[in-house]
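**Q** Quick one: the structure is below, questions incoming.
The values are calculated or read from the model by the stated rules, or taken from the named source; none is laboratory data. Keep in mind it's a predicted model, so treat the numbers as computed, not measured. Ideal geometry is used to build each Cβ from the backbone, glycine not excepted, and the neighbour counts take in all protein chains shown. Heads up: the accessible areas ignore ligands, DNA and RNA and are worked out on the full protein's heavy atoms, side chains in. Shrake-Rupley method; radii C 1.70, N 1.55, O 1.52, S 1.80 Å.
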Amino acid sequence: MTGWLIRIAIFAGIGMLIWFGVRRILRDWQRGFRAVDADRRKRDLAERGRPDVITLERDKDGTYRPSDDRDRR
């Protein structure tokens, strides 16, 4: 009877180690991806302010056009 209990305890311990290890790996990856996304967001916001960037807006027909083009039609 004690052999079964020891075997169950060993499998439960190994399962817990695997579970917590996977959770930690996923958490570390998520932090890394969030940092990359934050850097990209900062870069995109900085690019929006440049004078050579065109802002597109959706027209009535669903096509994205610059606001200057809409005024010419």
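**Q** Quick one: angle between helix 2-48 and the longest Cα principal axis of the chain, in degrees between 0 and 90, rounded to 10, please.
**A** 10
**Q** A follow-up question, please. Using the Cα gyration tensor of the chain, with a ≥ b ≥ c the square roots of its eigenvalues, what is the shape: rounded (a/c below 1.5), prolate (a/b larger than b/c) or oblate (neither)?
**A** Oblate shape, in that a/c is at least 1.5 and b/c is the bigger or equal ratio.
**Q** Quick one: putting +1 on the C-beta of Lys and Arg, -1 on the C-beta of Asp and Glu, what dipole do you get for the chain around its Cα centre, in Debye to the nearest 20?
**A** 340
**Q** Using Cα springs under 10 Å in a Gaussian network model of the chain, which residue among Gly32, Gly62, Gly21 shows the largest mean-square fluctuation?
**A** In this elastic network of the chain, the residue with the biggest mean-square fluctuation among Gly32, Gly62, Gly21 is Gly62.
**Q** Can you list residues whose amide H is under 5 Å from Asp59's amide H, if they're 5+ apart or on another chain and H is modeled 1.01 Å from N?
**A** The answer is Tyr64, Arg65.
**Q** In square angstrom, what is the accessible area per residue of the chain with a 1.4 angstrom probe?
**A** 98
**Q** Related question: Given only helices, namely DSSP H runs of n ≥ 4 each adding -39500 (n - 2.57), what is the per-residue ellipticity at 222 nm of the chain, to the nearest 500 deg cm²/dmol?
**A** It comes out at -26000 deg cm²/dmol, rounded to the nearest 500.
**Q** Describe numerically, in nm with one decimal, the distance between label points set 7 Å from Cα along Cα→Cβ at Ile54 and at Asp39.
**A** Distance between label points: 3.1 nm.
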